[in-house]
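Read the structure below first, then the notes.
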Amino acid sequence: MADSAKLMGPAFKQKVSAGKTDAKPEIWSDWAKFEKAIADYEKAASGLAAAARLDPAATGAAVKALGESCGGCHESFRKPKEQSYKNR
Ligand code: HEC
């Protein structure tokens with residue numbers, strides 16, 4: 001997952017906000033914030049990998065932090081379910 005974070009920026013660099021996508025236009029109007037969300041996710045994923053290896057007791061909290069990083073980005077940059085292209 002931490003490695004996948006490196007693909008997220010390049011994957012979204014090209015603006016695709018029409019057609020079959022739930023990506024919000026805010027990704028491109030607020031690119032710095034989007035990159036910050038990617039960085040938070042990468043950090044949380046690396047944190048989970050380290051916890052799983054070195055500190056099993058911290059793994060639960062690390063999973064929670066990772067989940068929050070998914071939600072943190074989706075909240076700002078992914079259209080909610082009701083607005084998803086899948087429901088149109
Ligand atoms: C940096 C931002 C960001 C992070 C972090 C992120 N997502 Fe997303 N996610 C998106 C965006 C944007 C979309 C909508 C993409 C589209 O429709 O083109 C999406 C879509 C999805 C979808 C729907 C895919 C589909 O086929 O429609 C799932 C499932 C998902 N994310 C799961 C996760 C999980 C689980 C995590 C954390 C482990 C995560 N995401 C972290 C931005 C992010």
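Where a number appears in this text, it was derived from the coordinates with a stated rule and is not lab data. Bear in mind that the values here come from a model prediction, so they are computed numbers and not experimental data. Quick reminder, even Gly has a Cβ in these numbers, built from the backbone with ideal geometry, and neighbours come from all protein chains shown.
Numbers at a glance
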| item | result |
| --- | --- |
| Residues that are among the hydroxyl-bearing types (Ser, Thr, Tyr), assigned to a helix (DSSP H, G or I) and touching a helix residue (DSSP H, G or I) at 6+ places or on another chain (Cβ under 8 Å), drawn from region 18-68 | 41, 46, 59 |
| Filter result for residue 48 (in contact (Cβ under 8 Å) with a residue 40 or more places away in the chain and over 26 Å from residue 30 (Cα atoms)) | yes |
| Region 21-43, subset of a type in the set (Phe, Trp, Tyr) and near the ligand (Cβ under 7 Å from one of its atoms), residue farthest from residue 81 (Cα to Cα) | 41 |
| Members of region 54-88 found to be touching a residue at least 12 places away in the same chain (Cβ under 8 Å) and over 21 Å from residue 26 (Cα atoms), listed by number | 62, 63, 65, 66 |
| So residue 13, is it exposed (fewer than 12 other Cβ atoms within 10 Å of the Cβ) and either touching a residue at least 60 places away in the same chain (Cβ under 8 Å) or touching a helix residue (DSSP H, G or I) at 6+ places or on another chain (Cβ under 7 Å) (or both) | no |
| Some residue of region 44-67 being loosely packed, with under 13 Cβ neighbours inside 10 Å and within 10 Å of the ligand (Cβ to nearest atom) | yes |
| Matching residues, region 22-38, being surrounded by fewer than 13 Cβ atoms within 10 Å (Cβ to Cβ) and either in contact (Cβ under 8 Å) with a residue 12 or more places away in the chain or among the aliphatic types (A, V, I, L, M) (or both) | 32 |
| Residue in region 69-88 that is farthest from the ligand (Cβ to nearest atom), counting only those that are charged (D, E, K, R) and part of a helix (DSSP H, G or I) | 82 |
| Lone unmet requirement of (1) more than 9 Å from the ligand (Cβ to nearest atom); (2) over 26 Å from residue 87 (Cα atoms) for residue 18 | (2) |
